[in-house]
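*Asks:* Below: one structure in structure tokens.
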Amino acid sequence: MHLSDFDFDLPEGLIATRPARPRDAAKLLLAQGGGIRDLHVRDLVDVFQKGDRLVLNNTKVIPARLSGTRTRQSAQGEVTANVEVTLLEPRADGAWEALAKPLRKVKEGEVIRFSADLSAEVVEMTEGRLAVRFNLSGEDFDAALAEAGAMPLPPYIAALRKPDAQDKDDYQTVFARHSGAVAAPTASLHFTRELLEALHAKGVEFTEVTLHVGAGTFLPVKVDDVTTHKMHSEWGEITTQAAAEIAATKAAGGRVIPVGTTALRLIESAARDTGVIAPFRGTTDIFIYPGFTFAVTDALMTNFHLPKSTLMMLVSALMGPERIREIYAHAVANNYRFFSYGDSSLLIP
């Protein structure tokens, strides 16, 4: 398999920079059997069946993009430089892995101030990134970060516009609970509380899992032979109760439908060794590409992905490469909106 096998032409005008309003007004491409139907997300009430179980990723995106200043003494006196820091993930020692722009403007031991309340010391510099330790922790840190930080919009949106206050609502699911992600589980952004209630009333069941989506989800694949690509790792958890709920649905003949590739990667990670869903807590670097055997997933709700990305490989594994090319050609021809704030699809093999 070559990287070019997962490429396609995408007009820039189809990249969504704002979500649909209301959320469930987004278009939905239903690919089932050999057919394609053009629907809206609100039509899921008519598509899902009693006994279906949706697996939702309840991670909460933190406002991980911070603008700050560092001050340094020089022969000319005090010199201040602007630095933009994007948090990547917390470390076991309490520091945060991060990116800084421009990285050359900071040195180990220096303090970057983001607001009157929030600052961080640079504790380590490595190739391309740094580690910082904040002056606050716990709820104090959360409150100061919420005040000073901006949502870490994906690079393809950030290239077209700056994040603003509206993104703090738009780039968060209505069921976000556990802080730690630096990117949203974007298929879940389409759900409103009203849609969730309507699905529940129909007999559709829900299970929540947690996968803290990392910035690595946007890393490009740089090898031609995709099977040699090394996936980034992300932390996730499936509780004993969640695993039991998913197992019960499988045993009863119901469909398990992860909402988003993050939920799919987590449940398939938990079934990787035995082929049966089990409780899970830890990191996963599972890489799903054509030839993968799905143990838990019966269908997938997901947005439309970047050309030559690992997520294109994942949906190609689920539906087959030729079928995915057909689905994406239909989406482009019919002006579906792409990527994080774009429209969605329901893929049923």
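The values are calculated or read from the model by the stated rules, or taken from the named source; none is laboratory data. For clarity, every value in this text was computed on a predicted model and none was experimentally measured. FYI the Cβ positions are ideal-geometry reconstructions off the backbone, even for glycines, and counts take in every protein chain you see. To get the accessible areas, we keep the full protein, side chains included, count just its heavy atoms, and leave off ligands, DNA and RNA. Shrake-Rupley method; radii C 1.70, N 1.55, O 1.52, S 1.80 Å.
*Asks:* Pick from 30, 56, 44: which is assigned to a helix (DSSP H, G or I) and open to solvent by less than 20 Å² (accessible area, probe 1.4 Å)?
*Replies:* On the way: 30 fails: assigned to a helix (DSSP H, G or I); 56 fails: assigned to a helix (DSSP H, G or I).
44 is the lone residue from the list that is assigned to a helix (DSSP H, G or I) and open to solvent by less than 20 Å² (accessible area, probe 1.4 Å).
*Asks:* Condition first: under 16 Å from residue 126 (Cβ atoms) and in contact with a helix residue (DSSP H, G or I) (Cβ under 8 Å, 6 or more places away or on another chain). Now tell me which residues in the stretch 90-114 satisfy that.
*Replies:* Once the filter is applied, which keeps residues that are under 16 Å from residue 126 (Cβ atoms) and in contact with a helix residue (DSSP H, G or I) (Cβ under 8 Å, 6 or more places away or on another chain), the stretch 90-114 yields only 99.
*Asks:* Select the helices (runs of 4 or more DSSP H) contained entirely in the stretch 245-333, then report the ones holding at least 2 residues which are of a type in the set (D, E, K, R) and open to solvent by 30 Å² or more (accessible area, probe 1.4 Å). Walk me through it before giving the result.
*Replies:* Working: elements: 261-270, 310-319, 321-333.
Output list reads 321-333.
*Asks:* Scan the stretch 272-288 and report the pairs whose first residue is free of Cβ contacts under 8 Å to residues at least 24 places away in the same chain and whose second residue is part of a loop (DSSP other than H, G, I, E, B), with Cβ atoms within less than 7 Å and a gap of 6+ or a chain change.
*Replies:* 272/286; 275/295
*Asks:* Report, by residue number, each residue of the stretch 227-244 that is surrounded by fewer than 20 Cβ atoms within 10 Å (Cβ to Cβ) and either out of contact with any strand residue (DSSP E or B) (no Cβ under 7 Å at 6 or more places or on another chain) or of a type in the set (A, V, I, L, M) (or both). Steps first, please.
*Replies:* Step one: of the stretch 227-244, the residues surrounded by fewer than 20 Cβ atoms within 10 Å (Cβ to Cβ) are 227-233, 235, 237, 239-241, 244.
Correct list: 227, 228, 229, 230, 231, 232, 239, 240, 241, 244.
*Asks:* Which one is nearest to residue 183 (Cα to Cα), of the residues in the stretch 92-110 that are open to solvent by 60 Å² or more (accessible area, probe 1.4 Å) and assigned to a loop (DSSP other than H, G, I, E, B)?
*Replies:* Our first condition is that a residue be open to solvent by 60 Å² or more (accessible area, probe 1.4 Å); within the stretch 92-110, this holds for 92-93, 99, 101, 104-105, 107-108.
Next cut, assigned to a loop (DSSP other than H, G, I, E, B) only: 92-93, 107-108.
Details: 92: 20, 93: 23, 107: 27, 108: 27 Å.
Once the filter is applied, the top-ranked residue is 92.
*Asks:* Something else about it: Determine, yes or no, whether residue 14 is closer than 28 Å to residue 204 by Cβ, modelled with pLDDT of 95 or more and not acidic (Asp, Glu). Give the steps one after another, and end with the answer.
*Replies:* Details: closer than 28 Å to residue 204 by Cβ: no; modelled with pLDDT of 95 or more: yes; not acidic (Asp, Glu): yes.
Taking the combined requirement at face value, the residue does not satisfy it.
*Asks:* Tell me whether the stretch 162-169 contains one or more residues that are in a helix (DSSP H, G or I) and of a type in the set (A, V, I, L, M).
*Replies:* Looking through the stretch 162-169, none of the residues is in a helix (DSSP H, G or I) and of a type in the set (A, V, I, L, M).
*Asks:* Out of the residues in the stretch 144-161 meeting the condition of being assigned to a loop (DSSP other than H, G, I, E, B) and touching a residue at least 24 places away in the same chain (Cβ under 8 Å), tell me which one is surrounded by the most Cβ atoms within 10 Å (Cβ to Cβ). It would help to see each step written out before you state the result.
*Replies:* Looking only at the stretch 144-161, we keep the residues that are assigned to a loop (DSSP other than H, G, I, E, B), and these are 149, 151-154, 159-161.
Applying the additional criterion that residues be touching a residue at least 24 places away in the same chain (Cβ under 8 Å) yields 149, 151-154, 160-161.
Numbers: 149: 22, 151: 24, 152: 26, 153: 23, 154: 19, 160: 12, 161: 11.
Looking at residues that are assigned to a loop (DSSP other than H, G, I, E, B) and touching a residue at least 24 places away in the same chain (Cβ under 8 Å), I get 152.
*Asks:* Answer yes if at least one residue in the stretch 156-167 is β-branched (Val, Ile, Thr) and out of contact with any Phe, Trp or Tyr (no Cβ under 8 Å at 6 or more places or on another chain), and no otherwise.
*Replies:* First, the residues of the stretch 156-167 that are β-branched (Val, Ile, Thr): 157.
Then keep just the ones that are out of contact with any Phe, Trp or Tyr (no Cβ under 8 Å at 6 or more places or on another chain); that gives none.
For the stretch 156-167, residues β-branched (Val, Ile, Thr) and out of contact with any Phe, Trp or Tyr (no Cβ under 8 Å at 6 or more places or on another chain): absent.
*Asks:* What number of residues within the stretch 59-77 are open to solvent by less than 30 Å² (accessible area, probe 1.4 Å) and out of contact with any strand residue (DSSP E or B) (no Cβ under 6 Å at 6 or more places or on another chain)?
*Replies:* Filtering the stretch 59-77 down to residues open to solvent by less than 30 Å² (accessible area, probe 1.4 Å) leaves 59, 61-64, 66, 68, 70, 77.
Next cut, out of contact with any strand residue (DSSP E or B) (no Cβ under 6 Å at 6 or more places or on another chain) only: 77.
The number of residues fulfilling the criteria is 1.
*Asks:* List pairs: first residue in the stretch 105-123 and farther than 11 Å from residue 134 by Cβ and in contact (Cβ under 8 Å) with a residue 24 or more places away in the chain, second residue part of a loop (DSSP other than H, G, I, E, B) and among the aromatic types (Phe, Trp, Tyr) anywhere in the structure, Cβ distance under 6 angstrom, at least six positions apart or on different chains.
*Replies:* The qualifying pairs do not exist here.
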